[in-house]
Amino acid sequence: MSHNPIVLMAQLRSALGEQRYSAMVIHNYCVNAESFLRYLAQERIALEAVTPQHVADYLGAAMQWFRERHGHEPGPRWQSIPRAGIHAMLKLALPQWPPEPTHLSPAEIMCRRVCEEFAEWQRVERGLAPKSIIDLMWEVRFFLSWRIARGAADIGSLSIEEIDAYFAERASKLRRRSIKDTAQRLRALVRFLHTKGYIATDIAPQIISPVMYAYEAIPAALSREAINATLATARKDVSPLGLRDYAILQLLATYGVRAGEIMQLRLDDIDWRADALRIRHSKTHAQTLLPLTAPVGEALLDYLRRGRPKTDCREVFLRVRAPYQPLRTLYSEVRRRLEAAGVKPEGKCGPHTFRHARAVSLLRASVPRKVIGDILGHRSYDATIPYLKLATEDLRAIALDIPGQEARA
């Protein structure tokens with residue numbers, strides 16, 4: 001990659017154009033990137049030596065120039081515009097941006113080493129799925145960073161008192177299920193540290209978590225009325241964003257698929273001639289062929305024709321703004337549409353509430369649990385039991401007279 005400013009700007013314009021950025025965005029990105037390069041030349045800083053602090057210093061200076069030119073403060077998010085252009089240029093020009101920290105304390109070096117070894121141990125020795133390892137490692141990194149921030153330098157000094165203090169800070173922000181998950185992850189870390197000789201005593205048995213009873217929690221599910229209201233409200237939005245979100249909601253409401261299964265849906269998973277839809281189940285890695293219903297098919301067609309960006313990406317659902325990449329989450333999209341419809345679910349309000357609602361509707365229609373499990377992509381027969389509990393909850397509101405029973409005096 002050339003570091004000649006003229007050539008670099010040409011390369012940046014080309015790269016942004018390939019990512020389908022608008023002409024105005026490309027212009028703004030390049031103007032700010034060129035200004036940053038002039039700043040580096042003035043300060044005699046080589047492009048290869050740029051750090052996040054240099055970018056922060058430049059943005060501070062740019063805000064001062066703005067005040068002097070316009071006589072007032074810029075908007076609260078003004079820095080995001082030049083920062084985006086600068087970062088796009090740096091990612092294009094440098095092997096890695098942002099760069100790895102060059103000055104790490106011994107405790108930080110040990111933390112990284114432990115995390116790398118623990119992740120590999122979970123993958124090789126325990127055979128955990130990549131998603132499970134990601135969830136596990138987030139908690140581990142958070143905990144070890146918390147220790148370092150409190151001044152703990154040696155992993156060998158880890159004590160149950162530290163873990164208790166960590167839980168005291170975390171527990172107020174967590175539900176019982178999350179507290180239990182946190183305890184399990186820390187127990188796994190402590191056992192690993194003891195097995196590998198980092199700590200002398202196995203304190204894992206002293207990490208106590210809440211007792212969770214089988215099917216204790218009742219999943220949140222939307223009513224049919226709430227789903228219809230959400231679909232009706234979303235359908236009124238004919239913007240690219242509205243067309244995309246409406247198609248996503250139709251998939252959620254009709255099939256009860258997981259959010260991850262929608263995000264990884266590809267163009268070749270839709271068989272228009274056979275009116276079929278292939279779902280790749282994210283947990284079991286199995287595939288299910290479902291009938292493509294008319295409402296879902298129409299919603300997908302509207303989005304593909306009038307809402308989806310022109311790109312070589314094969315995933316169906318993409319960001320509405322460049323860079324046009326596959327979606328990474330559906331939570332904010334679903335929550336936004338529920339709020340617009342005035343729907344306020346009890347408990348969680350993400351995509352899974354549609355999945356629960358679909359399972360409940362099938363159970364109430366007397367569909368066999370095995371068939372429901374196949375539709376939802378469950379790995380085991382028992383995975384449907386929590387939905388059965390939810391489906392029977394509404395019976396508690398009905399007072400039934402038992403034949404042959406009379407009130408006793």
In segment 81-117, residue surrounded by the most Cβ atoms within 10 Å (Cβ to Cβ) [restricted to those that are free of Cβ contacts under 8 Å to residues at least 60 places away in the same chain and among the acidic types (Asp, Glu)]: Glu108
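Considering segment 123-136 alone, what residues qualify as being within 22 Å of Tyr166 (Cβ to Cβ), loosely packed, with under 12 Cβ neighbours inside 10 Å and not β-branched (Val, Ile, Thr)? Working first, answer last.
Just the residues of segment 123-136 that are within 22 Å of Tyr166 (Cβ to Cβ), to begin with: 132-136.
From the residues that got through so far, the ones that are loosely packed, with under 12 Cβ neighbours inside 10 Å too are 134.
Of everything in segment 123-136, nothing turns out to be within 22 Å of Tyr166 (Cβ to Cβ), loosely packed, with under 12 Cβ neighbours inside 10 Å and not β-branched (Val, Ile, Thr).
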Considering residues of segment 148-159 that are surrounded by 14 or more Cβ atoms within 10 Å (Cβ to Cβ) and not in a helix (DSSP H, G or I) only, the residue modelled with the lowest pLDDT: Ala152
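Take the conditions surrounded by fewer than 13 Cβ atoms within 10 Å (Cβ to Cβ), among the polar types (S, T, N, Q) and either at pLDDT below 90 or farther than 30 Å from Glu298 by Cβ (or both) and apply them to Ser172. Does it pass? Steps first, answer last, please.
On the way: surrounded by fewer than 13 Cβ atoms within 10 Å (Cβ to Cβ): yes; among the polar types (S, T, N, Q): yes; either at pLDDT below 90 or farther than 30 Å from Glu298 by Cβ (or both): yes.
So Ser172 fits the description; yes.
Here is a list: Gln11, Gln53. Which entry is more than 30 Å from the chain's Cα centre (by Cα) and either within 18 Å of Ile81 (Cβ to Cβ) or not assigned by TED's automatic domain parsing to the domain that holds Arg319 (or both)? Write out each step before concluding.
Details: Gln53 fails: more than 30 Å from the chain's Cα centre (by Cα).
Exactly one of Gln11, Gln53 is more than 30 Å from the chain's Cα centre (by Cα) and either within 18 Å of Ile81 (Cβ to Cβ) or not assigned by TED's automatic domain parsing to the domain that holds Arg319 (or both), namely Gln11.
Is it fair to say Gly242 is closer than 26 Å to Ser223 by Cβ and at pLDDT below 95?
no
If you take the residues of segment 244-261 that are assigned to a helix (DSSP H, G or I) and of a type in the set (A, V, I, L, M, F, W, C), which of them is farthest from Arg319 (Cα to Cα)?
Going through segment 244-261, the residues assigned to a helix (DSSP H, G or I) turn out to be 244-255, 259-261.
Pick out the ones that are also of a type in the set (A, V, I, L, M, F, W, C) and you get 247-249, 251-253, 259.
Numbers: Ala247: 14, Ile248: 13, Leu249: 16, Leu251: 18, Leu252: 18, Ala253: 21, Ala259: 15 Å.
So, considering only residues that are assigned to a helix (DSSP H, G or I) and of a type in the set (A, V, I, L, M, F, W, C), the one farthest from Arg319 (Cα to Cα) is Ala253.
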Lone qualifier among Glu162, Glu139, Glu120 - being exposed (fewer than 13 other Cβ atoms within 10 Å of the Cβ) and either among the charged types (D, E, K, R) or touching a strand residue (DSSP E or B) at 6+ places or on another chain (Cβ under 8 Å) (or both): Glu120
Pick from segment 19-31, criterion over 21 Å from Gln96 (Cβ atoms) and of a type outside the set (A, V, I, L, M), ranking: surrounded by the fewest Cβ atoms within 10 Å (Cβ to Cβ): Ser22
Residue satisfying all of: in segment 42-69; touching a residue at least 24 places away in the same chain (Cβ under 8 Å) and among the aliphatic types (A, V, I, L, M); farthest from Thr311 (Cα to Cα) among these: Ala62
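Among the residues of segment 293-344, write down those that are among the hydroxyl-bearing types (Ser, Thr, Tyr) and under 19 Å from the mean Cα position of the chain (by Cα). Step through it out loud before you land on a result.
Kept after step one, since they are among the hydroxyl-bearing types (Ser, Thr, Tyr), are these residues of segment 293-344: 293, 303, 311, 324, 329, 331-332.
Tyr324, Thr329, Tyr331, Ser332 - these are the residues of segment 293-344 that are among the hydroxyl-bearing types (Ser, Thr, Tyr) and under 19 Å from the mean Cα position of the chain (by Cα).
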Number of positions in segment 337-357 that are surrounded by fewer than 19 Cβ atoms within 10 Å (Cβ to Cβ), in a helix (DSSP H, G or I) and touching a residue at least 12 places away in the same chain (Cβ under 8 Å): 1
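Counting just the residues of segment 287-316 that are assigned to a loop (DSSP other than H, G, I, E, B) and touching an Asp or Glu at 6+ places or on another chain (Cβ under 9 Å), which one comes out nearest to Leu243 (Cα to Cα)? Lay out the reasoning, then the answer.
First, the residues of segment 287-316 that are assigned to a loop (DSSP other than H, G, I, E, B): 292-293, 307-314, 316.
Now restrict to residues that are touching an Asp or Glu at 6+ places or on another chain (Cβ under 9 Å): 292-293, 314, 316.
Values: Leu292: 18, Thr293: 17, Arg314: 18, Val316: 12 Å.
Restricting to residues being assigned to a loop (DSSP other than H, G, I, E, B) and touching an Asp or Glu at 6+ places or on another chain (Cβ under 9 Å), the top hit is Val316.
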Enumeration of residues in segment 262-286 that are more than 15 Å from Gln250 (Cβ to Cβ), within 23 Å of the chain's Cα centre (by Cα) and part of a loop (DSSP other than H, G, I, E, B): Gln264, His281, Ser282, Lys283, Thr284, His285, Ala286
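The values are calculated or read from the model by the stated rules, or taken from the named source; none is laboratory data. Since the structure is predicted, the reported quantities are computational estimates derived from the model, not experimental observations. As a convention, Cβ positions derive from the backbone with ideal geometry for all residues, glycine included, and neighbour counts pool all protein chains shown.
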